[in-house]
4 protein chains.
Amino acid sequence: MTTMLQPGQMPAEAGGPTVTRIGVIGTGVMGADHARLLTEAVSGARVGGVFDVDGGRARGVAAASGGARVFADPYALIVDDGIDAVLIASSDATHEDYVLACVAAGKPVLCEKPLAPTVEACARIVEAEIEHGSRLITVGFMRRFDPGYTGMRALLTAGEIGAPLLMHNVHRNPAAVPGLPGSALITNSAVHELDIVRWLFGEEIVEVAVHTPRPSGQAGGTQDPQLLVLTTESGVLADVEIFANARYGYEVRCELVGETGTVTVDAPPPTSLRRGGLHARALPGDWRPRFAEAYRLELQDWIDGAAGGASAWDGFAATFVAHACVAALTSGDRHAVELPPVPALYRR
Amino acid sequence: MTTMLQPGQMPAEAGGPTVTRIGVIGTGVMGADHARLLTEAVSGARVGGVFDVDGGRARGVAAASGGARVFADPYALIVDDGIDAVLIASSDATHEDYVLACVAAGKPVLCEKPLAPTVEACARIVEAEIEHGSRLITVGFMRRFDPGYTGMRALLTAGEIGAPLLMHNVHRNPAAVPGLPGSALITNSAVHELDIVRWLFGEEIVEVAVHTPRPSGQAGGTQDPQLLVLTTESGVLADVEIFANARYGYEVRCELVGETGTVTVDAPPPTSLRRGGLHARALPGDWRPRFAEAYRLELQDWIDGAAGGASAWDGFAATFVAHACVAALTSGDRHAVELPPVPALYRR
Amino acid sequence: MTTMLQPGQMPAEAGGPTVTRIGVIGTGVMGADHARLLTEAVSGARVGGVFDVDGGRARGVAAASGGARVFADPYALIVDDGIDAVLIASSDATHEDYVLACVAAGKPVLCEKPLAPTVEACARIVEAEIEHGSRLITVGFMRRFDPGYTGMRALLTAGEIGAPLLMHNVHRNPAAVPGLPGSALITNSAVHELDIVRWLFGEEIVEVAVHTPRPSGQAGGTQDPQLLVLTTESGVLADVEIFANARYGYEVRCELVGETGTVTVDAPPPTSLRRGGLHARALPGDWRPRFAEAYRLELQDWIDGAAGGASAWDGFAATFVAHACVAALTSGDRHAVELPPVPALYRR
Amino acid sequence: MTTMLQPGQMPAEAGGPTVTRIGVIGTGVMGADHARLLTEAVSGARVGGVFDVDGGRARGVAAASGGARVFADPYALIVDDGIDAVLIASSDATHEDYVLACVAAGKPVLCEKPLAPTVEACARIVEAEIEHGSRLITVGFMRRFDPGYTGMRALLTAGEIGAPLLMHNVHRNPAAVPGLPGSALITNSAVHELDIVRWLFGEEIVEVAVHTPRPSGQAGGTQDPQLLVLTTESGVLADVEIFANARYGYEVRCELVGETGTVTVDAPPPTSLRRGGLHARALPGDWRPRFAEAYRLELQDWIDGAAGGASAWDGFAATFVAHACVAALTSGDRHAVELPPVPALYRR
């Protein structure tokens, strides 16, 4: 035996087991990260094709994904025989067209949140999927896979805190684009909590209100922060602080209060540092380190066909409630949320 | 388009990219967990074959691994053309023979720690690999991939705490087999810290001492717990509490003390519970949840050929130091540790 | 020298420095605790007299206070020459009469919160003190002396978190009397937060709203918990969860969110316990351990005449805002709070 | 009633209850702090007289203590009829003479640790007290009153962690005088842990060893840090990291490991700060904030004659063990500690 294997030359067979070939549309921060996970950290998948409006960016991600094909046309990618399923991480406004094309092609699609920016667009997507007759769409509410949130749900389900009554949520980003409309904090950021509340309690949000302090001087004119107050069908009350210019770091935390106890989700890193008069744990600069494990598990679940992700209906409902919150932000009043009944395709 | 895809029916191509086919020898707790990770959570790998002295256990793991072949003879598995690399998780006493067979077959092998129970066996393995002429062996010191330890090393390397001086380690298991010899606490458990100290400081341990309190009444006669005191070449002092019958749960923590600050590694889970007069975080019942991420990253690194894992030399050195600790436990004195020089194959 | 001093026989002079003799009215849980602190842990004070509607209880506290006189008539206690100042810890409904008698007698008085149950009663007390012409009244909002809250205020004042925007408060008791009206949660419990918000920001609350989840099944019909949302003059938004039947323990925590950072107040005890699969810190069963240090510092400040405590005007304002919250609880709407201007006696 | 009381003019009687008049010898950092506590925060005491080699410093403390007398001669202070008890906070070398003078005068004395720098001096003090025939001496091992340590002892005594086996201690100061001999770390700093181990387990230390890493480059030539390993009569093993130049702040922590669980003592402050990418709690710059409550409780206990403090025998034993540790530091070997039997006066 004189093989001279070197580190990095792990032997492997060509033509192994079935592997799902993913077409990635949109290779900005989010799409590039998804492509990296599919290539490096998910079992049974690889990036089969890539499209981005910025062709250079697409080529870079394709190269880093082990030589995926670069498509000049996203619709060509969607219908290509070499693409088994599609991941959409392009700008929000493009989601509807791409998702509808995936449904038309009968291909599974994972669409980054929000499903679409408007209630109407989301409704059209849901209708198309119902028309298609089976579920193809997953919406990228990755927090459903975060070990913190899944741990909280497990403790709730196990009866460890009794029946739920209240939930306090904090959602902070260090900085947002100056001049962002206040509504964007709801539709882009708080929409995660809107989904989590629906998922955690398994029921709909029926009333919303929004309270506002004076805006931060760091927010460039945006109504930032805001305090959303949500009420669910059974009467659970969930408040959400959404703060897009918190400056000090990225942080998502919550506490669920039940009749006999509470569960808190935070995400302390595994190291702490004592230095210069402080005992400190580092906070991340953005959401990616905080939810890295959630993204990996979300993709693995999708590739496995385990259907643990949010449905098109969940995407529709989140956008529907978000728009009720925007109305409540504008009016200052409580707003009732009257979702249409859940179509048969989405009932469990 | 009338496709009727259901959850669980994710389309995939047959004959995808290269995939490394792993032969798993030993499918007890550890081997089954590795097989599960290779199947479900690692990119670019699959379980190609399985052997266990308990054929039924082997068949169960093979089935759960997507239909891997079951081998009746571990040596047949090692030389089989359908096996690209081998993972050894069988009993410690069998490691040497299997690892030597892998080297003879020129196949990469990941061997669970310890590399072998005796210094002599480890030496024979190192010699065989040197004879072979290139590195094929990785030893499963998974803590090198734990985000806590890698975070600690990054902070140390970045100069955040100045030059290292002391390290305090705590390593507790809830329960051990009654009547275990005290030496087993060192060779089976503390060996992880022996490796971490070498890895963290990039230098050898040159002196060891072992202090013992009266044994726990829960330890069935074993000298448990123990306090190891290790000195490295540059004079860093590391103490290690090893406690195999700590009863309350599994826990690994450490604090590294430098000239201007300290870094602590623990692993707080992302949920905490307030109930019954307590604010509590759960501790795991064994090592697997604590090091789940480390195992996944270790396997991915190995499959990627990234060579981040421990070498056969590291396995030899850990066992060498462990046996010096056993001698110190017996004598009660400080023992010098005189490792042979590092062979050329293992120098960086 | 043949003195045979024994432990417990510390020598002392008779007739030492001036010591303030406190008359304690009301010797239930709160009054007995105050008497104990005045006797054992405060410099320059002693309990000079005691009154309680339950004479036996009064005698017990008097005996434990080093032989204080027991009064059969609270008004006789107030005017007695052997009483320098008065501490009122009797039932809320009696506060007004006793405080007015103290003002009439020209004696300093520390009145447990609330100053009086109604806005009108509080107003009469303020008028009497203005009529008297100098400040005699302190209201027992002890949180102003809690090291957590004073630490938070110091960090805010030092500019460590920038201008304040939001404050989240949690105030939980394990159990309340069944059938308590929902308003009592505001007037008895949340009144502490109403005072702290005024004290922390140095400005008035100008708008309030109350949101309610479905009541806890453990609350015996009380609207419990509640979420108060308060807005201050400058636009700081403070929410307050008040939960009188939280079951798991007593807990008060808060987070203050500024433009560049946040400060959190909690009160982790100095011991933590690892046992039975948990790493836990104990939570107290009621408010006394949580605020033991605050009570001691409040009493010492009062005895020292340092005037760090809440004034009659602060007591009036807290009750005024509390009643606006009760109105908001009833109506479900936002309520403006229009406090009268601060009288000259209370301006700084 | 036309009294015009102003803040700061709390009425008080002259000639109140008995108050113990304390003579304070030594008004440096420690003595001035004790005088402040006696004046402002302890019930039943006042500073009656003050001596310091620096007369100006003595006058400053006397003035801040409400006009205490300044003595030019410490022995005159000790025998003065206006002094009921004596607190010694002068330099270590002077302790013996002052304590012996107090015993000769039959006056209770609280002596800062160490009782005296040498074993022989401590023995002479013990002999003098035995000769006197009753206990007059308390040694200022204030940690016996720290809520962390008393909480730990209560949990141990209550059986919450089973029988004790191990204790890990960390004791860090930010900076020491350059060139300090390594022995001073033991006799001045680690002596606190030597006392705590004896107090916590109610038994003697019978063997000691000292391990040393290379000294910190910040330590100016001192052998700093050190790791002491202590064994008690029943076989509990306690290690103590003593680090006099830890730079980042002052910190004392420990974990006690029993057969079924552990107790940890630390002292998280009640506020935490999120800012600049960190979630941090502040660490104090020296020992005073960390043990402020312990000092107050120690003084109150002493004034109350409750005899909860360390005896002269405890002071002797701590110095005795400290010198055994110094011998072990020098030799590098384990040293047996053979304390003489406890004299009758000190048996419980």
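Just for the Cα atoms in the range C:74-172, what are the lengths along the principal axes, largest first, rounded to whole Å?
50, 27, 26
At D:V29 and A:D81, where each label point lies 7 Å from the Cα along Cα→Cβ, what is the point-to-point distance in nanometres?
So the two model labels end up 8.2 nm from each other.
Taking 8 Å as the Cα distance limit and 6 or more residues as the minimum spacing, I'd like the relative contact order of chain A as a percentage.
Numbers: 680 pairs, mean separation 63.0, N = 348.
With pairs under 8 Å counted, the relative contact order is 18 percent.
Compute the helix-to-body angle for D:55-64: its Cα long axis versus the longest principal axis of chain D, expressed 0 to 90° and rounded to tens.
Orientation of helix D:55-64: about 70 degrees from the principal axis.
For chain A, take the longest principal axis of its alpha carbons; what is the angle in degrees between that and the long axis of helix A:147-157, to the nearest 10 within 0 to 90?
Taking the Cα atoms of chain A, the angle to A:147-157 is about 60 degrees.
Residues of C:200-211, mean number of Cβ from any other protein chain within 10 Å of their own Cβ, rounded to a whole number?
1
Å³ per residue of the Cα convex hull, for the protein assembly as shown? Present the calculation step by step, with values, prior to reporting the outcome.
On the way: hull volume 250.1 nm³, N = 1392.
Per residue, the Cα convex hull of the protein assembly as shown comes to 180 Å³.
Suppose every K and R has +1 on its Cβ and every D and E has -1 on its Cβ; what is the size of the dipole of the protein assembly as shown about the Cα centre, in Debye to the nearest 20? Don't skip to the answer; put the middle values down first.
Numbers: 108 positive and 160 negative charges, 1 e Å.
Taking the Cα centre of the protein assembly as shown as origin, the dipole is about 0 debye.
Please identify, among C:E96, C:E255, C:E131, the residue showing maximal mean-square fluctuation in a Gaussian network model of chain C using a 10 angstrom Cα cutoff.
Of C:E96, C:E255, C:E131, the Gaussian network model singles out C:E131 as fluctuating most.
Between D:A93 and C:R59, take the C-beta separation as r, use R0 = 51 Å, and let me know the FRET efficiency to the nearest 0.05.
Values: r = 53 Å, r/R0 = 1.04.
After rounding to 0.05, the efficiency reads 0.45.
Keeping all protein chains in the complex and leaving out DNA, RNA and ligands, what accessible area do you get for B:S216 with a 1.4 Å probe, in Å² to the nearest 10?
My reading of the accessible area for B:S216 is about 10 Å².
Can you tell which of C:D92, C:D266, C:D84 shows the greatest fluctuation in a Gaussian network model of chain C with Cα springs below 10 Å?
C:D266
As a test of the definition: with a 1.4 Å probe, what buried accessible area, both sides summed, do you compute for B against D, in Å² to the nearest 100? Before the final figure, lay out each step's value.
On the way: alone 16270 and 16300 Å², together 29530 Å².
Counting both chains, the buried surface is close to 3000 Å².
Counting partner chain Cβ atoms within 10 Å of every residue's Cβ in B:321-331, what's the average?
Details: counts 0, 0, 0, 0, 0, 0, 0, 0, 0, 0, 0.
The mean count of partner-chain Cβ atoms within 10 Å per residue comes to 0.
Along the charge dipole of the range A:219-335, which of A:L329, A:L299, A:T271 sits closest to the positive end, that is, farthest toward it, with unit charges on the beta carbon of Lys, Arg, Asp and Glu (+1, +1, -1, -1)?
The residue sitting farthest along the positive end of the dipole is A:T271.
Given only helices, namely DSSP H runs of n ≥ 4 each adding -39500 (n - 2.57), what is the per-residue ellipticity at 222 nm of chain D, to the nearest 500 deg cm²/dmol? Please list the in-between numbers first.
Values: 10 runs with 111 residues, N = 348.
Value at 222 nm, helices only, nearest 500: -9500 deg cm²/dmol.
Please compute the Cα-Cα pair-distance distribution of chain D with 10 Å bins starting at 0, giving whole percents from short to long.
5, 23, 31, 25, 11, 3, 1, 0
What is the average number of partner chain Cβ atoms found within 10 Å of a Cβ in D:180-191? Walk me through the numbers before you get to the answer.
On the way: counts 0, 0, 0, 0, 0, 0, 0, 0, 0, 0, 0, 0.
That average works out to 0.
By how many degrees, between 0 and 90 and to the nearest 10, does the Cα long axis of helix D:95-105 differ from the longest principal axis of chain D?
So the inclination is approximately 50 degrees.
What dipole magnitude, in Debye to the nearest 20, does the range C:20-140 give about its Cα centre under +1 on Lys/Arg Cβ and -1 on Asp/Glu Cβ? Present the calculation step by step, with values, prior to reporting the outcome.
Values: 10 positive and 16 negative charges, 90 e Å.
Magnitude of the dipole: close to 440 debye.
Rank D:V109, D:S65, D:V119 by how far each Cα sits towards the positive end of the charge dipole of the range D:36-143 (+1 on Lys, Arg Cβ; -1 on Asp, Glu Cβ) and give me just the farthest.
D:S65
Share of the range C:38-197's accessible area from carbon and sulfur, percent, 1.4 Å? Spell out each step's value before the answer.
On the way: 2920 of 5310 Å².
Carbon with sulfur: 55 percent of the solvent-accessible area.
Treating the beta-carbon of each Lys and Arg as +1 and of each Asp and Glu as -1, no other charges, what is the dipole magnitude of chain C about its Cα centre, to the nearest 20 debye?
For this selection, approximately 1080 debye.
Normalise the Cα radius of gyration of the range B:284-348 by 2.2 N^0.38 Å (N = residues in it) and let me know the number. Could the numbers behind the result be given before it?
Numbers: Rg = 16.3 Å, N = 65, 2.2 N^0.38 = 10.7 Å.
The range B:284-348 yields a ratio of 1.51.
Only Cα pairs within less than 10 Å get springs; with that Gaussian network setup on chain D, which residue of D:T18, D:T150, D:T39 has the largest fluctuation?
Looking only at D:T18, D:T150, D:T39, the largest GNM fluctuation is found for D:T18.
Over the Cα atoms of the range D:20-140, compute the convex hull volume and normalise it per residue, giving Å³. Each step should come with its number before you reach the end.
Working: hull volume 10.5 nm³, N = 121.
So the per-residue Cα hull volume is 86 Å³.
At 1.4 Å probe size, with every protein chain present, just tell me what the per residue accessible area of chain D comes to in Å². Intermediate values should be presented prior to the final figure.
Numbers: 11680 Å² over 348 residues.
Per residue, chain D has an accessible area of 34 Å².
For labels at A:A336 and D:D333 in the simple 7 Å Cα→Cβ model, what's the distance in nm?
For the pair A:A336/D:D333, the computed spacing is 9.0 nm.
In what sequence, highest mean first, do D:326-339, C:222-235 appear when ranked by Cβ atoms within 10 angstrom? Could the numbers behind the result be given before it?
Working: D:326-339: 15.6, C:222-235: 21.9.
Ranked by mean Cβ neighbours within 10 Å, highest first: C:222-235, D:326-339.
Say R0 is 22 Å: what FRET efficiency, to the nearest 0.05, do D:A306 and D:D286 get from their beta-carbon distance?
Details: r = 28 Å, r/R0 = 1.25.
Efficiency for this residue pair is about 0.20.
To the nearest 10 Å², what's C:K107's accessible area with a 1.4 Å probe?
Taking all protein chains as shown, C:K107 has close to 30 Å².
The values are calculated or read from the model by the stated rules, or taken from the named source; none is laboratory data. Every value quoted in this text rests on a predicted model; they were computed, and no experiment measured them. Note that each Cβ is placed from the backbone with ideal geometry, even for glycine, and that neighbours are counted across all protein chains shown. For the accessible areas, the whole protein counts, side chains as well, though only heavy atoms, and no ligand, DNA or RNA atoms are used. Shrake-Rupley method; radii C 1.70, N 1.55, O 1.52, S 1.80 Å.
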